Amino acid sequence: MARTMLKIGGGAVLVAAIVAVFVVATQGRDPDLEALEHEGHEYIMQLDRNAGLRKNRASVAEWAYTSNITKANEEARIQVQLELSKLEKQAWEETRMYKWQDFQDFTLRRMFKKYSQLGVSALPDDKYKLLMQSVSGMESNYATSKICSYKDSSKCDLALEPDITEIFAKSQDPEELKHLWVEWHKAAGAKARANFTQYVQLDNEAAKLNDFKDVAEWWQSEYEVPDFEEQLAKLWEDVKPLYQQLHAYVRKRLRDKYGDQVVSAKGPIPAHLLGNMWAQTWNNIESFTRPYPDKKEVDITQAMQEQNYTALKMFQMSDEFFRSLNLTAMPEKFWKNSIIEKPTDREIVCHASAWDFYDGEDFRIKQCTTVDYEYFQTTHHEMGHIQYFLQYRHQPVIFRDGANPGFHEAVGDTIALSVSSPKHLRRVGLVSGDAEDEQTEINQLYKMGIDKIVFLPFAYTLDLFRYGVFRGETQPEDYNCHYWRLREMLQGVEPPVNRTEEDFDAAAKYHVSADVEYARYYVSFIIQFQFHRALCQLAGEYVPEDLTKKLVDCDIYQSVAAGNALSNMLKMGSSKPWPDAMEALTGQRAMRADGLLEYFRPLHEWLQAENQRTGEHIGWEPSRIQYCTSEQRAALDAAQGAAPSATDT
């Protein structure tokens, strides 16, 4: 048995330890556990150092490919992944020989537990390679999809970033938007169906090899709570009344603009009219839907451009924000290695991302920054990831991660909540003039709401859909029908034109094509308000029930007390289950929507009064757009015990 124990970094692992484990297994006696545990500690620390080297190699190859999309770089990346996957598999086989469950030390047990999951490398080599190719195929299809312009059908080089996104943000021609929507979903979505179907099958096989029923269970295991899905559902029930008020109000404003031939009075909202390809945030329709249109809106993008902002300046300001909280400044390598503007000489993956190279000193951001307010916030968000990396870089490699996948996303956004507060924008000279009156505050909260609140049902939909797919409840022949059923039920949106199973609209979203779990963003959008509220109380910027210290006005800039509390949570990485990390900052051990509801309370009250005044229908009747066949609908109704399809309950 001892033969498989390889020499790791020169220190041979004692054969005696192995023999002892097997003696325990056969005789049920408990020999000197302490020696075994010491042995396990030596082993796992060496393993962890090697894992850091492997992760570094993987990141370097991944960066090379995503910052220069060529066939050669893609092949090199897959080659590195194959090599590393072999090494990981060897390490995993060794790790499983330890009887670590009986160790006394919590941290040691936790490291063993994490290392005894192999991930997709558990697949046989040929299947692993197929899985990598199917994801790579979806990713490169997504990154390189181009469509034709509505106004000039001979111009067929429109990329998602910046071309299509920009038109979506500015155009108010429903026909142009419909054209872009249909063409993008055709190019980025439909073409990915075969790859996606193969990826689901292989990823599920990998899940079983890691002792999970399927990928849905695997993804949820990252959250370390038994009732994760019930928690997501409960959070949605708490937020839904607020969302439905916002939805009804926006539908009325869109109907006023486009007429009831385009937007119905009681149905779902057509998904192409909300200023974003996926209708996941609606900020781009703010200019003609805001509650008090006559209140002069401060155009922050314009102010940035007038003040000669550059991509670099945005990053420097973000760095300065973190330093003002007594957190860590960006290291020199960060400034040297990051890509913060879109190169003109090659294709890159533009989707903003933050990178940890697992060597404790190389951290980078890659994003195609444009000088506008949205990127001002995105920059702070990505820098939040880097700050998290910096804070936990002293942890063992296996713990260099967010307390749960949502924590990483929430940290950057929590910072952005302060950065986007009117108080902070005044401080940095992007807004001038006096403090906000009530109308300006409602406008401001509305602007936040069509970003933060409307995102929740979209994020919830994306993974509920994939849970169904991974569990086999949604078969390939029902992908599109089930996807739109959820989007209508939860988001209250409908496709602009009829859809069939020739279409595969879910993959027209980056995270579906790139195999990125999405519940993290849903969790993040809830818990960032919990974090924000706790930090604001520490900074003395928020006092419950004190109308002069409202949560919406809080800016934690320059608060060392807030920074230290945040640091205490970030430093833990994933060394403890997330409720411990949550408690370190907030005193709460559960995800709760009360922070978000408190933040938006003035908006909720305003929307209720406004919708009552205009007699708006709250909720939505079933869509008249076809996206399921009658057979599919009958099967769905049967499966759900004929639950009513209308959601205007």
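Of everything listed in (1) among the aliphatic types (A, V, I, L, M); (2) in a loop (DSSP other than H, G, I, E, B); (3) in contact with a Ser or Thr (Cβ under 6 Å, 6 or more places away or on another chain), the single unmet condition for Val225 is (3). Which members of the stretch 127-145 meet the condition of being charged (D, E, K, R) and either modelled with pLDDT under 95 or open to solvent by less than 30 Å² (accessible area, probe 1.4 Å) (or both)? Once the filter is applied, which keeps residues that are charged (D, E, K, R) and either modelled with pLDDT under 95 or open to solvent by less than 30 Å² (accessible area, probe 1.4 Å) (or both), the stretch 127-145 yields Lys129, Glu139. Before we move on, is Leu274 open to solvent by less than 10 Å² (accessible area, probe 1.4 Å), over 20 Å from the mean Cα position of the chain (by Cα) and without any contact (Cβ under 8 Å) to a residue 60 or more places away in the chain? Judged against the criteria, Leu274 is not a match.
Does the stretch 326-358 hold any residues that are assigned to a loop (DSSP other than H, G, I, E, B), in contact with a helix residue (DSSP H, G or I) (Cβ under 6 Å, 6 or more places away or on another chain) and modelled with pLDDT of 95 or more, and which are they?
Asn326, Leu327, Thr328, Ala329, Met330, Phe357, Tyr358
Whether any residue in the stretch 256-274 is at negative phi, among the β-branched types (Val, Ile, Thr) and in a helix (DSSP H, G or I) is what I want to check. Talk me through it step by step, then tell me what you get.
First pass over the stretch 256-274, keeping only residues at negative phi: 256-258, 260-274.
Subset that is among the β-branched types (Val, Ile, Thr): 262-263, 269.
Imposing the further condition that a residue be in a helix (DSSP H, G or I) reduces the set to none.
No - not one qualifying residue is present in the stretch 256-274.
Every residue, every condition in (1) in a helix (DSSP H, G or I); (2) within 30 Å of the chain's Cα centre (by Cα), yes or no:
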position	(1), (2)
Lys549	no, no
Gln558	no, yes
Ala565	yes, yes
Ser574	no, yes
Ala581	yes, yes
Ala590	no, yes
Leu607	yes, yes
Glu610	yes, no
Asp637	yes, no
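I'd like to know if the stretch 216-237 contains one or more residues that are β-branched (Val, Ile, Thr) and modelled with pLDDT of 95 or more. No, because not a single residue in the stretch 216-237 is β-branched (Val, Ile, Thr) and modelled with pLDDT of 95 or more. Taking the conditions (1) of a type in the set (Gly, Ala, Ser); (2) under 31 Å from the mean Cα position of the chain (by Cα); (3) modelled with pLDDT of 90 or more; (4) surrounded by 18 or more Cβ atoms within 10 Å (Cβ to Cβ) in turn, Ser85 satisfies each one other than (3).
Scan the stretch 297-314 and tell me whether some residue there is part of a helix (DSSP H, G or I), open to solvent by less than 30 Å² (accessible area, probe 1.4 Å) and without any contact (Cβ under 8 Å) to a residue 60 or more places away in the chain.
First, pick out the residues of the stretch 297-314 that are part of a helix (DSSP H, G or I): 300-306, 311-314.
In the following step, the residues that additionally are open to solvent by less than 30 Å² (accessible area, probe 1.4 Å) were identified as 300, 303-304, 311, 314.
After this cut, where a residue has to be without any contact (Cβ under 8 Å) to a residue 60 or more places away in the chain as well, the list is none.
No - not one qualifying residue is present in the stretch 297-314.
With respect to the conditions (1) open to solvent by less than 30 Å² (accessible area, probe 1.4 Å); (2) out of contact with any helix residue (DSSP H, G or I) (no Cβ under 6 Å at 6 or more places or on another chain), Tyr375 falls short on a single one, namely (1).
The values are calculated or read from the model by the stated rules, or taken from the named source; none is laboratory data. Computed from a predicted structure; not experimentally measured. We place every Cβ from the backbone using ideal geometry, glycine too, and count neighbours over all the protein chains shown. In case anyone asks, the SASA skips ligands and DNA or RNA and just uses the protein heavy atoms, side chains included. Shrake-Rupley method; radii C 1.70, N 1.55, O 1.52, S 1.80 Å.
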